[in-house]
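The values are calculated or read from the model by the stated rules, or taken from the named source; none is laboratory data. Since this is a predicted model, take the numbers as computed values, not measurements. For neighbour counting, all protein chains shown are included, and Cβ atoms are generated from backbone atoms with ideal geometry for every residue, glycine included.
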Amino acid sequence: MNNIILTGDRPTGNLHLGHYVGSLKTRIELQNKNDYDEYYIMIADTQALTDNANNVDKVKNNIIQVAIDYISAGIDPNKVTIFIQSQVPELFEITAYFMNLVSVSRLQRNPTIKDEIKQRGFEKSLPIGFLNYPVSQAADILAFNANIVPVGEDQMPVIEVTKEIAHSFNNTYGQVFREVKGLLPENKICARLPGLDGKLKMSKSAGNAIYLCDDEKTVKEKIMSAYTDPNHIKVADPGQIEGNIVFAYLDAFCKDEHFEKYLPEYKNLDELKAHYKRGGLGDVKVKLFLNNIINELLTPIRAKRKELEENVDKVYDILFEGGKKARASAQKMLKKIKEAMGLDYEKLKNKKN
Ligand code: TRP
């Protein structure tokens, strides 16, 4: 089976721990399993513009930031083709054909799109481009004949649109596309990591995120201010695990080895939780433990980032080379798409009657 993996992010800010456990970690594991023929990661600048039309500079400047985040976190550009969406114009031609296969109301009913329209205050005046982004995303995926798409939980309904378009295309014009599978992380908390405030999922817009590029001091400050159990006032008080962000992060990031290294009086997370629930375990101790774990993860990422930041041109070269490679693949698929649709006008020439 030739597996083709494709995924991407909008370049609207640096990547944070929610991105890391929600998708980036799975991507790195997939990369290292080597069970694929082609692997693409797209920096979706055109998609980012669908709700940032007046903010081109933000999108433009974050392309390199996201690329540096990928590579410093462990994505290997020798194995994975990293590219900028707008450098593959074939995607937008494919989008145009796909737009005829989906209705406006279908997109408006999509739960992710519905939420995002609300969040952005687009109810009164909805940009066509924004409503259309799932269609364009279907083109991103199907232009590479990708069958595996590692994403966070909120993207699953968007992947449904891709599946519907692929089916509709196959039914209308003949079989071109295969089944696409969205891939979520196995650990549930990782699919939707909560923010430091305990209210929403971790996101740039909610201002409740720890970024991969945050320095040690910033990470510590953020962790020390994370929401825990508001009724756990004295160390002796019994504490609640549910809704406690520090424990949510431990569920996402902590392994048994971490106890041996940083908190040897406990064997594992279950023991730590039991003590917290019983009372007698203070928040500060748990937070410092989490801080050690997060810093262990981020220290090598920071070092790699520093190296790349001193060599930004090299990173741009990686992206531009990736763009050429991605474009060649998308051109092949576009040809197949047009042939299936009967848009191969060259064939009309020299046709003997
Ligand atoms: N919508 C994705 C996000 O907001 C980004 C994206 C664009 C993407 N094209 C894609 C993800 C194709 C997976 C596949 O994060």
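Among the helices (runs of 4 or more DSSP H) confined wholly to segment 237-328, which include 3 or more residues that are loosely packed, with under 14 Cβ neighbours inside 10 Å and more than 22 Å from the chain's Cα centre (by Cα)? Write out each step before concluding.
Details: elements: 245-253, 256-262, 269-278, 283-309.
Here the list reads 256-262, 269-278, 283-309.
What number goes with the only condition from (1) charged (D, E, K, R); (2) closer than 29 Å to Val219 by Cα; (3) assigned to a loop (DSSP other than H, G, I, E, B) that Asp35 does not pass?
(2)
Out of curiosity, is Val180 within 23 Å of Asn3 (Cβ to Cβ) and within 13 Å of the ligand (Cβ to nearest atom)? Even if it seems obvious, please write down each step before you answer.
Numbers: within 23 Å of Asn3 (Cβ to Cβ): yes; within 13 Å of the ligand (Cβ to nearest atom): yes.
When the stated conditions are applied, Val180 passes them.
Looking at Lys25, Lys124, which one is away from the ligand (no atom under 12 Å from the Cβ) and within 26 Å of Leu183 (Cβ to Cβ)?
Lys25
Asp69 fails exactly one of the following numbered conditions: (1) within 29 Å of Glu339 (Cβ to Cβ); (2) crowded, with 18+ Cβ neighbours inside 10 Å; (3) acidic (Asp, Glu). What is the number of that condition?
Looking at each condition in turn, Asp69 falls short on (1).
Among the helices (runs of 4 or more DSSP H) contained in segment 40-120, which hold 1 or more residues that are touching an Asp or Glu at 6+ places or on another chain (Cβ under 7 Å) and within 28 Å of Phe177 (Cα to Cα)?
Ranges flagged: 90-98, 111-119.
Which residue is farthest from the ligand (Cβ to nearest atom), if the candidates are limited to segment 28-45 and must be of a type in the set (Phe, Trp, Tyr) and closer than 18 Å to Gln137 by Cα?
Initially, segment 28-45 is screened for residues of a type in the set (Phe, Trp, Tyr), giving 36, 39-40.
Filter once more, keeping what is closer than 18 Å to Gln137 by Cα: 39-40.
On the way: Tyr39: 12, Tyr40: 9 Å.
Residue satisfying both the conditions and the ranking: Tyr39.
Being within 13 Å of the ligand (Cβ to nearest atom), surrounded by 22 or more Cβ atoms within 10 Å (Cβ to Cβ), modelled with pLDDT of 95 or more and among the β-branched types (Val, Ile, Thr): is that true of Ile159 here?
no
Within segment 162-176, track down each residue that is part of a loop (DSSP other than H, G, I, E, B) and within 11 Å of the ligand (Cβ to nearest atom). Walk me through it before giving the result.
Going through segment 162-176, the residues part of a loop (DSSP other than H, G, I, E, B) turn out to be 174-176.
Correct list: empty.
Under the condition of being of a type in the set (A, V, I, L, M, F, W, C) and part of a helix (DSSP H, G or I), which residue from segment 141-156 is modelled with the lowest pLDDT? Quick ask: steps written out before the conclusion?
First, pick out the residues of segment 141-156 that are of a type in the set (A, V, I, L, M, F, W, C): 141-144, 146, 148-149, 151, 156.
Narrowing the set further to residues that are part of a helix (DSSP H, G or I) leaves 141-142, 156.
Values: Ile141: 98, Leu142: 98, Met156: 93.
Per the stated criteria, the residue is Met156.
Name the residues in segment 3-22 that are of a type in the set (A, V, I, L, M, F, W, C), within 12 Å of the ligand (Cβ to nearest atom) and not in a strand (DSSP E or B), would you?
Leu15
Would you check if Ala138 is within 11 Å of the ligand (Cβ to nearest atom), in a loop (DSSP other than H, G, I, E, B) and either at positive phi or in the same structural domain as Leu49 (by TED's automatic domain parsing) (or both)?
So Ala138 fails the test.
Taking Leu196, is it within 16 Å of the ligand (Cβ to nearest atom), crowded, with 18+ Cβ neighbours inside 10 Å and not hydroxyl-bearing (Ser, Thr, Tyr)? So that I can check it myself, show each step before the final result.
Details: within 16 Å of the ligand (Cβ to nearest atom): no; crowded, with 18+ Cβ neighbours inside 10 Å: yes; not hydroxyl-bearing (Ser, Thr, Tyr): yes.
Taking the combined requirement at face value, the residue does not satisfy it.
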